[in-house]
């Protein structure tokens, strides 16, 4: 792989295809989009195979400094970025497949926007320049705004505005912080900034500015309200990419910027993250429990899962950070798959009302089985991807705060409640109406969309080492960087203060003498 | 210094003046039939003026006893002005031919040429009187241009409003000039700067007079760049004037006025930076906020773009508030990118016409444009996202540059509020995109024009991410221009 700019090529392939799509007909655009995303998947596989686990921290580095004046075209990935890029390129062909028949109007533009989104996602994870990152990060708003607004549901215009303005407001404050950092540190290189020590009182402000952006993207309670709207109105593939990858930008941001660049501030404000996350887990899980719209339910469950990510990240230990990454990956797959499952029955009945369904196990057995798998994965059943992540993340948090862990673990119980309740209402019971009875089981296209995700979900659950290995060294690097600010945990063994009974002490002394 | 050398420094103005006078004679003898030929000849004159910029006109230094500066700053601003003026001339024949009512008269390109002479003198002025002469030459030509459709009531109203308010602004500026002259004893920028540096800017009567002079001069300049609170004329004039003229007003005179403001602020009143910075910060934030909020309710695309120009001037002023060479360079960068975005937007507005060729100006008529005219809708979407400053479009870099300068100068609250208000502005740009992409098609527009289509493609290419490749060049050029002021 020496010298081959694979990351640039991975950006170029979908970019060229996105432009070409605009000049093609509907059918050709579909095939071109599928082809381009599959090429990128293949390149992604190549990327992973050539990634030297345990090797240099930054690999596949491309540096063209100052080609844009103050900033340049710098790409490069570590283990975290690698895994998230893999997630993106894995989900993209599935998104294109999910839109194959569901999208009928303005297909070339749709495919073009999805390919454009892929460029921006990969770019965000691969960027090694502060402003290049910002450009990719922020540009993602444009295609998503158009996807929700053009192909969305009834209330799509409100949702698209809310999505755009909410996330924009969060990001612009971060932009000012980035300008400050680049001026003070005299560099726009992310690796250099990750090693730069800002004074602690400045860190707090910078941290808060970044937090404003990432908390909205994540999304954390109470700035999560754009997410249910955006999810409900977006077309199926839009929801998949939104839940699967775009929500990970927030977590990735914490991992790449907040923690290594502002360790003191991160430690100082851990309480804020923990408190918001604990509220999010309990509150949004309860909200999910009473939803009558399937997509909204999954959207709220996403907020709860993302809160598990944030507590893990701010636990300042190996388990927490690796667990958070695993939850991000697992959630990306599982929530994506769940949105696809909703899309499957939505395409047949054109409603997301849970009460309209029931008894699908009778006429759609294959669907019921796959839906069951993803439901269990979302609950965090051992053997599925989410179990690994949630367990690690909560174990990490336990070392720091037992109370927060206690509160957040209720999310698993509540998660089981709302997911199983959803599954019972949709899949079990009697077939209530003729139109539900007439629904055919999964077509082979739909099987091809869900089966790969199911396989990876099980792979991650059974042999998580494949996914843990690439990030192990990066986790240690990160921990070495933030160790100096590590908050004291409340679950560590402490020295007793009670009075030792005299007799006992005597025995002990006696025993020692022997 | 001999006259030949001084005339060489003012060569662009000489070329334009002689060209304008010659074309005026041609126009007088050959009548309206020669309009198209004269338009192309005027574009050629502007191209000649651009060529004349190479050499002493951008590197000569001072001419006419320090009243005129021929430096890189003037060169950069003049390039932008001439390009924008040329586009405004090219747009006119097609527009007037399609539109019922008045035909284009050959005076139009001549007036634009004269206006360009005035603007050139504005950005080169190093003396308050040169400044005033240039400003008035530009303004008088502009008043006539605004009311160029004589039988159209809105156009006449626009011209009258522009004239009355412009005269008021000139009066305020002149009053400020007289105060400054009275208290400093000179009209030369360098000597004024010396007087401001020498005066203790608190307490004494003299300092009070200097302060008043400064405030009035800035108020007059704020009128010309249409910064809040002196922006009221802008929406009416932009709406009423013929669209090619509006495109011209939004670009070339704006660059000239901003260039003039930069030179006065830095060269003449640089020592009083602490004083004028407060005015500039207020004007910047107020312009951004009002330009954003007032645009939300607009139904007319030209009014919307008028508020957008107020909004954009606010962002440009952030760079001036920094008061550093980087800040000045950022303002110039901003204006360069702003011209491309604005010209592009107005080019699309020119395409908004019914099948008879009559212009339509409602935003509602853009409904569903992405399905009836996908390329046109894509173009306007690019310009709107770019004006909103969303990456990866080039408009983002314009904001990047000014905010970088502001943060570098330590103006954090200004930067934070400015960028937060920009989110409000994003709303109305998004509304245009929403109308084009999300709404059902309304009616069809008439067919496009090849020349205008080509210009749209060219401006869209500049605004697209391809523009980023030009950053090193643009930075080098604007920094050289900015250094000329310090």
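A short reminder: the numbers here are calculations on the coordinates, not readings from a lab. Nothing here was measured: the structure is a model prediction, and the numbers come from that model. Note that we place each Cβ from the backbone using ideal geometry, even for glycine, and neighbour counts take in every protein chain shown.
Worth pointing out:
- Theoretical ellipticity at 222 nm over chain B - DSSP helices of four or more residues, -39500 (n - 2.57) apiece, nearest 500: -25000 deg cm²/dmol
- Shielding by partners - mean other protein chain Cβ count within 10 Å, residues of A:168-180: 6
- FRET E, pair residue B:473, residue A:293, Förster distance 56 Å, beta-carbon r, rounded to 0.05: 0.60
- Nearest 10 degrees, 0 to 90: helix B:72-98 Cα axis against chain B principal axis: 30
- Contact order for chain A, expressed relative to its length and based on alpha carbon pairs under 8 Å spaced 6+ residues apart, stands at 14 percent.
- Computed E for residue B:181/residue B:274 - FRET, C-beta separation, R0 25 angstrom, nearest 0.05: 0.65
- Degrees between helix B:205-225 axis and first principal axis of chain B (Cα, 0 to 90, nearest 10): 20
- Taking every C-alpha pair closer than 8 Å and separated by at least 6 residues, the mean separation divided by the residue count of segment A:73-136 gives a relative contact order of 57 percent.
- Packing around the peptides A:448-460, B:247-259, taken as the average count of other Cβ atoms within 10 Å per residue, puts them in this order, highest first: B:247-259, A:448-460.
- Distance between modelled label sites at residue A:183 and residue A:430, nm, 7 Å Cα→Cβ extension: 7.2
- Of interest is the spacing of the C-alpha centroids, which for segment B:440-480 and segment A:80-119 amounts to 28 Å.
- Burial ranking of peptide ranges A:40-53, A:294-307, A:400-413 (average Cβ count within 10 Å, highest at the top): A:294-307, A:400-413, A:40-53
- With Cα atoms defining each centre, segment B:19-86 and segment A:372-448 are spaced 72 Å apart in the structure.
- The helix-based estimate of mean residue ellipticity at 222 nm for chain A, built from -39,500 (n - 2.57) per DSSP H run of four or more residues and divided by its residue count, is -24000 deg cm²/dmol to the nearest 500.
- Compactness relative to 2.2 N^0.38 Å, alpha carbon Rg of chain B: 0.93
- 0 to 90° range, to nearest 10: angle between helix B:412-437 axis and chain B longest Cα axis: 20
- R0 of 45 Å, Cβ-Cβ distance residue B:54-residue A:105: FRET efficiency to nearest 0.05: 0.25
- At full extension, residue B:198 and residue B:36 could sit 52.8 nm farther apart than now, given 0.36 nm per residue minus the alpha carbon distance.
- Pairwise label distance in nanometres, residue A:19 with residue A:448, each label 7 Å out on the Cα-Cβ vector: 2.9
- Across peptide B:430-438, the mean count of Cβ atoms from other chains lying within 10 Å of each residue's own Cβ comes to 5.
- The order of the peptides B:117-128, B:169-180, A:250-261 by mean Cβ neighbours within 10 Å, most packed first, is B:117-128, A:250-261, B:169-180.
- Based on C-alpha pairs under 8 angstrom that are at least 6 apart in sequence, chain B has a relative contact order of 15 percent.
- Mean-position separation - Cα centroids, segment B:92-171 and segment B:231-264, in angstrom: 10
- Approximate spin-label separation residue B:450-residue A:12, in nm, with each point projected 7 Å along Cα-to-Cβ: 3.5
- Peptide A:132-142 has a mean of 4 when you count, residue by residue, the C-beta atoms of other protein chains within 10 Å of its C-beta.
- Segment A:40-199: C-alpha gyration tensor shape, a/c 1.5 cut-off, then a/b vs b/c: oblate
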